[in-house]
Amino acid sequence: EKGDERYIELNREERKRKKDKLERMGHCSAIRLCLCILFALSIVSSTRLSFSFSENEKMVVGGRSLMVSTDDYDEPAANARHNPPRRGGGHRG
């Protein structure tokens, strides 16, 4: 009887130690995750690139300049090669 009580008590202590260890590991991984996020944010925020999406802007990167033009298309107009059928009606099919 006394051996059984001692075994139960040791089993409780062992479970408590395992639970405490898991809680500490959880805290360590949370701290590690926060540090990784902080490190990533510091790298991203320290970049010197500036992106501009306006039509004709200069993009400056490390003392060099680059002209960026986003106006790739001509003014809209009718397609001169499109000749619709002379007969009335819609699409045949």
(message) So if each residue of separation counts as 0.36 nm, and I subtract the Cα-Cα distance between S45 and K16, what length gain in nm does that give?
(response) 6.1 nm
(request) Would you mind ranking V68, V44 so that the residue whose beta carbon has the fewest other beta carbons within 10 Å leads the list? (result) V44, V68
(request) Would you mind ranking R87, R24 so that the residue whose beta carbon has the fewest other beta carbons within 10 Å leads the list? (result) R87, R24
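Any read-out appearing in this document is the output of simple, stated calculations on the displayed coordinates, not a laboratory observation. All figures in this text were calculated on a predicted structure; none of them were measured in a lab. In this analysis, Cβ positions are derived from the backbone assuming ideal geometry, glycine residues included, and neighbour counts consider all displayed protein chains.
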